[in-house]
1. Provide the descending list of Cα extents for region B:217-361 along its principal axes, expressed in whole angstroms.
2. May I ask you to evaluate 6.51 cos²θ - 1.76 cosθ + 1.60, the Karplus curve with θ = phi - 60°, for each residue of region B:84-101 and list the ³J(HN,Hα) values in order in whole Hz, giving x for glycine and proline?
3. Let me understand chain B better: what is its radius of gyration from the alpha carbons, and its Dmax, in angstrom?
4. From zero outward in steps of 5 Å, how is the percent of C-alpha pairs of region B:268-339 spread across the bins?
5. Under the Karplus relation 6.51 cos²θ - 1.76 cosθ + 1.60, θ = phi - 60°, what is the ordered set of whole-Hz ³J(HN,Hα) values for region A:214-225, x standing for Gly and Pro?
6. Once amide H atoms are placed 1.01 Å from N in the peptide plane, what residues at a sequence separation of 5 or more from A:Thr55, or on another chain, have their amide H within under 5 Å of its amide H?
7. After finding the eigenvalues of the alpha carbon gyration tensor for the protein assembly as shown, what semi-axes result from the square roots of 5 times each, listed largest first in whole Å?
8. Counting only helical runs of four or more DSSP H residues, what would the 222 nm mean residue ellipticity of chain B come to if each run contributes -39,500 (n - 2.57) and the total is spread over all its residues?
Amino acid sequence: MKYQKLLTLAAVLVAAPFAQAGQITVKGSDTMVILGQKWAEVYMKKFPQTKVQVTGGGSGTGMAALQNQTTDLANSSRPIKPKEVAECIKVFKKRPTEYKVAMDGLSVFVHESNPITEISLPQLEQIFTGRITNWKQLGGKDEPITLYSRENSSGTYEFFKEHVLQGKDFAAAAQTLQGTASVIQSVAKEPKSIGYGGAAYGAGVKHLKVKKDDNSPAIEPEEKNILDQSYPISRYLFIYVNPALDKDEVAAYLKWIRSDEGQAVVKDVGYFPLPPQWRS
Amino acid sequence: MTPPDTTPPAAFEWRSIQRGRRLRPLEWLVERGIFAVSLSAIVMVFLIFLFVAREALPILFGRMDSSVAQEQMTVEEMKALPEAEQARLVDMSLRDFREEDPETIELLLEVKAEEMQTIPDDPDIGANTVSWRYLVFPHQWTGYDQPEYIWQPVSQIHKYNIVPLFIGSLKATLVALLFAVPFSLGAAIYVSQLAAPRTRELLKPVIEMLAGIPSVVLGFFALIVMASVLQDFFGYQSRLNALVAGLALGIAIIPVVFSIAEDALTSVPRSYTQAALALGSSKWQAAWRVVLPAAIPGVFAAVVLGFGRAIGETMIVLMASGNASILSWDPLDSVRTVTATIAAELAETVFGGHHYRMLFLLGTLLFAVTFVANLVADVVIHRLKKRLEGLA
């Protein structure tokens, strides 16, 4: 213990002359708020000269703040849209720099008593667009399917819509809830239901294995499968920055986030660390 | 000789009150102050309405276009266009465009070309979905089997049909009124007419204490407890639905309806009851056949206030209604109300974009609905009062 403290002190003393006192503001995705705050907390413990301030509001809000230059870094759970890039270029004269900072996999949940163990992407598309409405059509009991979805302001909703529903609309009957935790809570209570959300969540419900199409193998939403991208519903989480600001503390912070140390934090809060080729 | 008659000071003061002597400066100030405060309340309501309506104006007058149709062009093709066309493509004024350096323009055009690639291949891309035709009438969108009322604002084609939302709001509100009005009226009649004084002293504050429950706590209770209990009992399909949300809303409006109805019933002169009792009617008959009809305008006002509170309530419906925008009158289906839609979606919209303005339009319409409801209620109350006075 004593040595550890001494070592930290030494590290701080050595690092002190290099690190400048500064403040970094981070804004954006609600999915990433907890992750961002954890990063900030661990980082500030290590480099007390730098103050990192993290707020949420949604990926879109973060992008707007990046354009208005009211934030240094923008968290986003989806890739930036061309319209947003254009707004940034008008201000920065350059494209914003994109950093992949973590991975997330989306799981499909059903009630623990449900006999079904695997599902394919085309089947998911038909279920969530309202074409398949009975578990019988999937080889389950003769019961209607109750759909749980997320609110349309969430990045998870957009990702699922784009990659699983191929851009089609969710069935009108899908109930929309405010967070992955409420989806899980509802699915855990209802034998007939199906929902989706972050793969790291979810005790009390059954995670289905997912097949890319009807003939491919069913893959479990586990860290190994998400990292090698064999699991079909995974995504990156991003941080965007104005290239002019990407120096000194900001650059150091971004580098630290993508280092092994920063990536260890990712696992603590329930996402998946980056594959080695994206790390710094 | 007696001196000329001078009024003694005491009498003078007494008479001056009778005649309304000019106010003392302080009193005048206080009176003006109170007047200013009440006037500012009116002005405030008006200003809030103006602000909300202003954001919705482009849609109201059909001056907004949400169509996503665009030509496909390469950067070279765009560069060959005249300057004004290029400026329009990158969404800049011609002057800004001319002052911008060529590298930035090049970048912007590149991004524009990328954007053009993302446009879906869909026959509906040219539809201006914020025009009234799409807002209130059903349309057969690509991929649907029949014309439908669809609210799907985050989508390749932004679908903004407001009908399911308003029906959802009305449905939840109706369930709430059907549940709350009989209960609170019954309680009001009992407390004001039948209960012994000690029971009344206990019951009245306890019911009014319901008003102190924060709506988020009620919503939480409905989401976790009521939803499961009701589903186990009735065994229906969706756990969160208009019934659950309506019952929770009902609990929220019971104290409002109760306390106003109770006031109205209590203010009916005692002589009415006494006369009825003297003629040999029972206590119950006197309350039901004499006092209640005499208090009808006040009771009606209570119900209207309950309606206003229920249709404007947000947190409870956001948590307990399931938020699925289905068009149906079945109370066992999930509903998405206007208020919950605004609350859930506003944070993620592009400032000044069509989704943002659409939500403000919803707010304006909701405001209009409650305003009209209050107005109609006021007229009805006046008529009822006149009729009652005419009969008396």
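Values quoted throughout were computed directly from the atomic coordinates according to the rules given, and no laboratory measurement underlies them. Fair warning: this is a prediction, and the values are worked out from it, not measured in the lab. With ideal geometry, Cβ positions are generated from the backbone for all residues, glycine too; neighbour counts draw on all protein chains shown.
1. 68, 41, 28 Å, listed from the longest principal axis down.
2. Result, rounded to whole Hz: 4, 5, 4, 4, 5, 4, 9, 6, 10, 7, 4, 5, 4, 4, 5, 7, 6, 7.
3. Considering chain B through its Cα atoms, Rg and Dmax are 30.6, 117 Å.
4. 3, 14, 15, 12, 9, 8, 8, 10, 9, 7, 4, 0
5. 4, 9, 8, x, 7, 10, 7, x, 10, 3, 4, 6
6. So A:Thr55 has HN proximity to A:Val26, A:Lys27, A:Gly28.
7. Working: eigenvalues 613, 244, 166 Å².
Semi-axis lengths for the protein assembly as shown are 55, 35, 29 Å.
8. That comes out to -20000 deg cm²/dmol.
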